[in-house]
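The structure under discussion appears below in the form of structure tokens.
The values are calculated or read from the model by the stated rules, or taken from the named source; none is laboratory data. For clarity, every value in this text was computed on a predicted model and none was experimentally measured. Positions of Cβ are backbone-derived with ideal geometry, glycine not excepted, and every protein chain shown enters the neighbour counts. When the accessible area is computed, the model is the full protein with side chains, heavy atoms only, and any ligands, DNA or RNA have been set aside. Shrake-Rupley method; radii C 1.70, N 1.55, O 1.52, S 1.80 Å.
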Amino acid sequence: EITAPVIAIDGPSASGKGTVAQRVANALGYGYLDSGSLYRLVALAGQQAGVGYDDEAGIAAIAAALSAEFRGDQVLLSGNDVTEAIRSEEMSAASSKVAALPAVRAALIERQRAYRRWPGLVADGRDMGSVVFPQAEVKIFLTASVEARAERRYKQLIAKGVAANIRPLLQDLRERDERDASRSVAPLRKGEDAHLLDTTELSIEQAVDAVLGWARDAVDGKR
Ligand code: CDP
Ligand code: CDP
């Protein structure tokens, strides 16, 4: 069975995964999966249903029944536009709590694999290369110093006209990094088969070019 190629991009928050993954997908004409938004949708749906983030069976049932739709840059939950709502600091923290529940992760695996379609997929998250697409043609661990990442989030908020401070952003990133890296299932870490791409000193264009270079090597190498 020949399956469509996958480029898996994993890494911590604000390392540039989403930005780089979308540009790589556009350059190659591939589809794009933002797996983090699925965990954010589960957290929001849990809050709306009044289910606690520590109720594993309850949140897993919500994950299994999730009605999620991606329309361009819009994210819909049961038909409602929640693009902004899932990006709040509250949902960022809540998503990493529900993501630590094994039954929730299991409930989302096949849904994520269904995005693998021709001519190819770029998927970003924490466990794209390790769990969801272990056979991915290209695996990248995208990272940057926590200070650079806090600065990026800060600039994003200021650009949106939101008042922001570096300190709480740093604190949030450190807490989320710690929770994502220390959980028992699918912890965030670089696999041996992943290319390390540290973007602390790189522009977005340089990061995109590096990924496209590895993608060409891997996909052409198979032909
Ligand atoms: O998806 P993830 O949380 O990893 O990060 P992102 O939302 O794609 O990127 C966070 C911010 O960093 C965006 O505003 C990017 O434009 C910026 N960025 C950057 O300044 N330099 C890079 N090399 C990559 C991203
Ligand atoms: O954009 P940012 O990197 O801040 O977060 P995200 O990619 O939207 O993911 C939100 C949360 O979902 C993360 O902190 C992880 O806890 C979780 N997540 C995960 O566990 N596995 C994935 N494949 C993607 C996200």
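Can you tell which of Leu188, Leu142 is buried (at least 19 other Cβ atoms within 10 Å of the Cβ), within 15 Å of ligand 1 (Cβ to nearest atom), part of a loop (DSSP other than H, G, I, E, B) and under 18 Å from the mean Cα position of the chain (by Cα)? Explain how you work it out, then say what you get.
Values: Leu142 fails: part of a loop (DSSP other than H, G, I, E, B).
Criteria check complete, one pass: Leu188.
Scan segment 207-216 for residues that are exposed (fewer than 13 other Cβ atoms within 10 Å of the Cβ) and either of a type in the set (D, E, K, R) or closer than 17 Å to Thr143 by Cα (or both) and jot them down. Break it down stepwise before answering.
Taking segment 207-216 as the starting set, the residues that turn out to be exposed (fewer than 13 other Cβ atoms within 10 Å of the Cβ) are 213, 216.
Selection gives Arg216 alone.
Could you please find all residues in segment 145-156 being open to solvent by 30 Å² or more (accessible area, probe 1.4 Å), in contact (Cβ under 8 Å) with a residue 24 or more places away in the chain and in contact with a Leu (Cβ under 9 Å, 6 or more places away or on another chain)?
Residue satisfying the conditions is Arg153 alone.
Just need a number here: residues in segment 69-92 that are in contact (Cβ under 8 Å) with a residue 40 or more places away in the chain and out of contact with any Ser or Thr (no Cβ under 8 Å at 6 or more places or on another chain).
5
Which residue pairs have Cβ atoms under 9 Å apart, sit 6 or more places apart or on different chains, and have a first residue in segment 10-26 that is without any contact (Cβ under 8 Å) to a residue 60 or more places away in the chain and a second that is open to solvent by less than 10 Å² (accessible area, probe 1.4 Å) and among the hydroxyl-bearing types (Ser, Thr, Tyr)?
none
Any idea how many residues of segment 89-138 are open to solvent by 40 Å² or more (accessible area, probe 1.4 Å), of a type in the set (Gly, Ala, Ser) and outside any helix (DSSP H, G or I)?
Going through segment 89-138 one residue at a time, the tally reaches 1.
Do you know which residues across segment 151-208 are over 13 Å from Ser15 (Cα atoms) and acidic (Asp, Glu)?
Passing the criteria: Asp172, Glu175, Glu178, Asp180, Glu192, Asp193, Glu205.
Out of curiosity, is Ser96 under 25 Å from Ser184 (Cβ atoms) and hydroxyl-bearing (Ser, Thr, Tyr)? Can you show your working first?
On the way: under 25 Å from Ser184 (Cβ atoms): yes; hydroxyl-bearing (Ser, Thr, Tyr): yes.
Yes, satisfied.
Is it the case that segment 167-183 has a residue that's part of a loop (DSSP other than H, G, I, E, B) and within 26 Å of Ala65 (Cβ to Cβ)?
Of segment 167-183, the ones part of a loop (DSSP other than H, G, I, E, B) are 183.
With the extra rule that they be within 26 Å of Ala65 (Cβ to Cβ), the set shrinks to 183.
Scanning segment 167-183, I find at least one residue that is part of a loop (DSSP other than H, G, I, E, B) and within 26 Å of Ala65 (Cβ to Cβ), so the answer is yes.
Hey, any hits in segment 64-82 for a residue that's buried (at least 21 other Cβ atoms within 10 Å of the Cβ), within 16 Å of ligand 1 (Cβ to nearest atom) and of a type in the set (A, V, I, L, M, F, W, C)?
Scanning segment 64-82 turns up at least one residue that is buried (at least 21 other Cβ atoms within 10 Å of the Cβ), within 16 Å of ligand 1 (Cβ to nearest atom) and of a type in the set (A, V, I, L, M, F, W, C).
Can you pull out every residue in segment 15-68 that is under 10 Å from the mean Cα position of the chain (by Cα) and at pLDDT below 95?
Matches in segment 15-68: none.
Do you know which residues across segment 6-31 are away from ligand 2 (no atom under 15 Å from the Cβ) and surrounded by 19 or more Cβ atoms within 10 Å (Cβ to Cβ)?
Arg23, Val24, Ala25, Leu28, Tyr30
Looking at the structure I just gave you, is Asp180 farther than 20 Å from Thr19 by Cα and in contact with a Leu (Cβ under 9 Å, 6 or more places away or on another chain)? Steps first, please.
Values: farther than 20 Å from Thr19 by Cα: yes; in contact with a Leu (Cβ under 9 Å, 6 or more places away or on another chain): yes.
Against the criterion (farther than 20 Å from Thr19 by Cα and in contact with a Leu (Cβ under 9 Å, 6 or more places away or on another chain)), Asp180 qualifies.
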